[in-house]
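The values are calculated or read from the model by the stated rules, or taken from the named source; none is laboratory data. Values in this document were obtained by computation on a predicted structure and should not be read as measured data. FYI the Cβ positions are ideal-geometry reconstructions off the backbone, even for glycines, and counts take in every protein chain you see. Side chains included, ligands, DNA and RNA excluded: accessible areas come from the protein's heavy atoms. Shrake-Rupley method; radii C 1.70, N 1.55, O 1.52, S 1.80 Å.
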Amino acid sequence: GDGGLPAETLREMYWYMALARALDERMWQLNRAGQAPFVVSGQGHEATQVGAAFALDRTKDVLVPYYRDLALCLVWGLTPRDILLSVLARAQDPTSGARQMPAHYSSAKLRIVSGSSVVATQLPHAAGIAYAAKLRQTGLVCFGEGGSSKGDFHEACNFAGIHRLPVIFLCENNHYAISVPIERQIAIDNVADRAASYGFPGVVVDGTDLLAVYQVCREAADRARRGEGPTLIEAKVYRFNPHSSDDDDRTY
């Protein structure tokens with residue numbers, strides 16, 4: 001099906017997925033050619049990110065991405081030129097003036113809050129943003145399943161559940177935290193199962209199914225705007241490339 005979306009919207013969604021993949025591949029090539037010192041790939045995550053972005057309101061919602069969220073940030077308004085200025089450490093880089101590692105996406109104008117290299121630290125930030133913005137706008141915070149092993153995840157979920165905050169926790173589960181497989185991180189089947197402990201819904205979705213992600217994120221955003229609190233969405237995806245350009249995934 002088409003998810004109830006017009007053909008032009010579906011074409012736009014596909015365009016962003018194709019753009020993100022092409023840009024990601026080019027950044028990887030620049031790294032291997034010695035022109036870009038460090039790259040983090042989001043290949044395999046595109047459908048999740050584009051579906052989530054289209055489910056939200058890009059004119060007022062707040063985005064707290066993590067380092068693989070290239071497609072998400074492109075939909076939100078960063079341009080390929082913006083991204084490449086950061087990757088190539090040019091002074092005109094609008095996200096940090098080339099003073100930050102690539103993939104630390106940020107834009108005050110677009111309401112993109114920069115993350116940290118330390119995983120999961122953006123989760124309490126998102127809960128705080130949602131607390132400040134309660135009943136006014138929704139926040140989307142993204143993280144990998146490895147981040148769900150950090151205390152920041154549990155503190156953010158607990159706080160969001162208590163205060164029924166308008167925030168969506170989007171876990172992009174690619175089955176590996178650097179080299180550690182998911183079965184060495186959690187003793188349950190799904191990260192989303194943890195949401196019940198904090199008093200809000202947890203949803204598992206096929207992260208390679210663009211329209212399925214759009215649907216669950218749209219429902220989560222509607223819940224948040226109605227004042228019904230947060231949702232934890234776990235999108236099952238696959239990491240095509242090593243953890244980063246400095247990693248060798250042939251060793252694990």
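Figures for the structure shown
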quantity	calculated
Wholly within region 1-89, helices (runs of 4 or more DSSP H) carrying at least 2 residues that are more than 17 Å from Gly115 (Cα to Cα) and of a type in the set (Asp, Glu)	7-32
Identity of the residue in region 71-106, at pLDDT below 95 and in contact with a Gly (Cβ under 7 Å, 6 or more places away or on another chain), that ends up least open to solvent (accessible area, probe 1.4 Å)	His104
Residues located in region 164-181, provided they are closer than 25 Å to Gly51 by Cβ and either among the acidic types (Asp, Glu) or part of a strand (DSSP E or B) (or both)	Val167, Ile168, Phe169, Leu170, Cys171, Glu172, Asn173, Tyr176, Ala177
Those residues of region 182-216 which are β-branched (Val, Ile, Thr), out of contact with any Leu (no Cβ under 8 Å at 6 or more places or on another chain), assigned to a helix (DSSP H, G or I) and over 17 Å from Asp57 (Cβ atoms), in sequence order	Ile182
Scan of region 34-55 for residues that are more than 27 Å from Phe169 (Cα to Cα) and open to solvent by less than 10 Å² (accessible area, probe 1.4 Å), ordered by number	Ala36
Residue match in region 17-33 (condition: of a type in the set (Lys, Arg), modelled with pLDDT of 95 or more and buried (at least 17 other Cβ atoms within 10 Å of the Cβ))	yes
Qualifying positions in region 126-148 - surrounded by 19 or more Cβ atoms within 10 Å (Cβ to Cβ) and part of a helix (DSSP H, G or I)	Ala126, Ala127, Ile129, Ala130, Glu145, Gly146, Gly147, Ser148
Within region 217-252, considering residues that are free of Cβ contacts under 8 Å to residues at least 40 places away in the same chain and assigned to a helix (DSSP H, G or I), the one farthest from Leu5 (Cα to Cα)	Arg250
Test set (1) more than 21 Å from the chain's Cα centre (by Cα); (2) more than 24 Å from Arg225 (Cα to Cα); (3) modelled with pLDDT of 95 or more - Pro6 fails condition number	(2)
Test set (1) open to solvent by less than 10 Å² (accessible area, probe 1.4 Å); (2) in contact with a helix residue (DSSP H, G or I) (Cβ under 8 Å, 6 or more places away or on another chain); (3) in a helix (DSSP H, G or I) - Gly161 fails condition number	(1)
